[in-house]
Amino acid sequence: MIWKLFERRVGKRTLQLLSCAIATALLVIACTGQSPNTSTSSEATSPAAQDGGTLVWARYGDADSLDPHRTTTTLSWQMFDQIYDTLLAFDSSGKIVPNLAKEWRISEDGKQATFVLNSNIKCHDGSVFDANDVKYTAERAIDPQNPSVTKGAWGPISSVEVTDPQTVQFNFSAPFGAFSSFMADPFASMICDSNKDLGTQFGVSKAIGTGPWKLVSWTKGDQIELERNADYQRFGRPVENTGAPYLEKLVVRQIPEAQARLAGLQTGELQLIVNPPLDDLDSVRNDNSLELHVAENTGQNFFLEFTISRPPFNDIRARQAVAHAIDVDSALQTAFGDGLVQREKCPISRGVFGNDQEFCNKFSYEHNPDKARQLLSELGYSSDKPMEVTLMTSTGDNREKMVQIFQSQLAQVGINAKLETMDIGSLNARVKQENEKTTGTSTFDMMDWAWFDPDILYQLWHSPGAYSGYQSKELDALLEKTRTTVNPEQRKQAVNAAMEYLLKNAVHVPLYTPGSLWVYATRKEVQGYKIGPFNRPVFNDVKLQ
């Protein structure tokens, strides 16, 4: 599904925003003789930042669920971070610190984790958050009848015990090295047990957490409205404000077109946008009324993955042919230019434990069109009989331009790739659907995942996998070692072995780490906006001038 300017429900809003931008520009020039990018104010006359007010944040897509157990998309994950909170947190440097839990300890054998909670934490409905809510969250996540899509990240939990109202103990059937870091991630958001009374409304129209923002309403495909949680207490989040957010409301809109988001920011209808048009970044930098914010240490990794439930990608040579056919470096330069992305050689992102570009480069596939043609010939394909496949990706930034470049490069070796672009939630569902089919045109996709630990490899590739994709007993055994090994150096060796398998077998073909690709732009009146580790927008300190 490709976004179409005049056929989407947001089409009218797009035209309105662009019209406002033009009208505003003409008005400024007529009245002052200055262009819209010329500042007419100074710091000395700037009004002081105030408590209250509404900040409108526009993103390229919408969440697909507000239930942390039902989706893995970044667009949903960023909403979890506003509505819910976690037992532990990442500080500004990415270090794990206490949060809802004021202390925690892991047993020497790695089979037990105990958390002691802070007192007087309230859920959005006024109920008290205690160890029973933690138990409810964890047991719901690992429920075999309706497990979380990130069930594997919770580890081999055998039981969850409430020692007293402030203490909860996790017991594991085997050592689990990634548990502490997962307890700091929004996918491990703590859900108040009163959500069970909401039935099918939970995650769709209602959600009860302990985070800094309460859900007011969600108009699917349009906007999410949040209001501040007056009872919020800051424990471990990387913010200065120890209480409730200063803003009264936070409205998160879906505006797929980057140009429309920028137009709304320039007119003042929007106060924050993500990913302004990459070609217009200089115009943002040169506009005294706007400010750029760059996310660092995103943990995000773009890669190619293949449907192996049917030909041709069930044969390693077909996957290798694609890997040799594409010229990733030239595609990145054309699509993004300098400084916005980093070439990624590993299946885990730069900044994540275990990432080693030199090691991964040993097993990467160099751009070699002749080798790609040779492999295709072995499979029975030729210029008269090209390989017919579908290449899918999601909307956002310049990834659509990337797959268009790949399409051209693949055609040069005899691979006809039909392109399909859709929102990330639809892509996730489609990939799983394709992996479970044994007939039809084969597919591959450019996917991206963001994670804070090499345990992402287990989530993606250990049987049955996040999307029912590639599976093997040998790979499963390697991935299990990455989880059960506690010693850091030994765990790094286990991660290397798993990455070597994925690369050699062209299961996971790394492309790039966005790095500074996650660009946000605010109006200058937005004071105190921050981007936490792993691309987490934080609004607790925000005030409006």
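Can you compute the FRET efficiency between ASN120 and ALA429 using 1/(1 + (r/R0)^6), with r the Cβ-Cβ distance and R0 = 56 Å? Round to the nearest 0.05. Don't skip to the end; give the middle numbers.
Values: r = 41 Å, r/R0 = 0.73.
Rounded to the nearest 0.05, the efficiency is 0.85.
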Please compare each pair in LYS345/LYS432; LYS345/LYS530; LYS220/LYS437; LYS345/LYS418; LYS206/LYS481; LYS418/LYS492 to a cut-off of 31 Å on the Cα-Cα distance and tell me which ones are over it. LYS206/LYS481; LYS418/LYS492
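With a 10 Å radius around each residue's Cβ, average the other Cβ atoms per peptide and rank 138-144, 204-210, 261-267, highest first.
Order by mean packing, descending: 261-267, 204-210, 138-144.
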Interchain or sequence-distant (5+) residues whose placed amide H lies within less than 5 Å of the amide H of TYR512 are PHE302, GLU344
Förster-model FRET efficiency, 51 Å R0, ALA174 and ALA48, C-beta, rounded to 0.05: 0.35
Equivalent ellipsoid dimensions for segment 50-117 as semi-axes, Å, which come from the Cα gyration tensor, largest first: 30, 17, 11
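Would you calculate a helix-derived [θ] at 222 nm for the chain, using -39,500 (n - 2.57) for each DSSP H run of n ≥ 4 and dividing by the full residue count, to the nearest 500?
-8500 deg cm²/dmol, from helical runs alone.
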How would you order 108-114, 503-509 from highest to lowest mean count of nearby Cβ atoms within 10 Å? 503-509, 108-114
Orientation-averaged projected area, Cα convex hull of segment 462-535 (nm²): 7.7 nm²
Calculated from the structure, mean projected area of the Cα convex hull in nm² equals which of [x] 33.6; [y] 25.9; [z] 35.5? [y]
May I ask you to order 438-451, 81-94 by the average number of other C-beta atoms within 10 Å around their residues, highest value first? 81-94, 438-451
Over the Cα atoms of segment 233-280, what is the Rg over Rh ratio if Rh follows Kirkwood? 1.12
Please calculate how many Å² of accessible area the chain carries per residue, with a 1.4 Å probe and no DNA, RNA or ligand atoms counted. 40 Å²
For segment 102-243, the Kirkwood Rh over every pair of distinct alpha carbons, in Å, works out to 16.3 Å
What number, in nm² with one decimal, is the all-direction average of the projected area of the convex hull of the alpha-carbon atoms of segment 413-488? 7.2 nm²
Going through the DSSP H helices of the chain, which span 30 Å or more along their own axis at the Cα atoms while scoring at least 0.5 as a mean Kyte-Doolittle hydropathy? 11-32
If you average 1/r over all unlike Cα pairs in segment 172-244 and invert the result, what Kirkwood radius do you get in angstrom? 14.6 Å
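How large a share of the accessible area of the chain, in percent, is made up of carbon and sulfur atoms when the probe is 1.4 Å and the other protein chains stay in place?
47 percent
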Per Stokes-Einstein, at 4 °C and 1.567 mPa s, what whole-number D in µm² s⁻¹ belongs to segment 77-165, with the Kirkwood radius over Cα pairs as the hydrodynamic radius? 89 µm²/s
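Relative to the present Cα-Cα distance, how much length would full extension add between ALA497 and GLN342 at 0.36 nm per residue of separation? Display every interim value, and only then the final one.
On the way: separation 155, 0.36 × 155 = 55.80 nm, distance 2.33 nm.
Length gained between ALA497 and GLN342: 53.5 nm.
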Jot down the per residue volume, in cubic angstrom and as a whole number, of the convex hull over the alpha-carbon atoms of segment 365-519. 142 Å³
Looking at the square roots a ≥ b ≥ c of the eigenvalues of the Cα gyration tensor of segment 198-295, which shape do they give, rounded for a/c under 1.5, prolate if a/b is larger than b/c, or oblate? oblate
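The values are calculated or read from the model by the stated rules, or taken from the named source; none is laboratory data. The structure presented is a predicted model; accordingly, all values stated were derived computationally and were not measured. Note: ideal-geometry Cβ built from the backbone for every residue, glycine included; neighbour counts use all protein chains shown. To get the accessible areas, we keep the full protein, side chains included, count just its heavy atoms, and leave off ligands, DNA and RNA. Shrake-Rupley method; radii C 1.70, N 1.55, O 1.52, S 1.80 Å.
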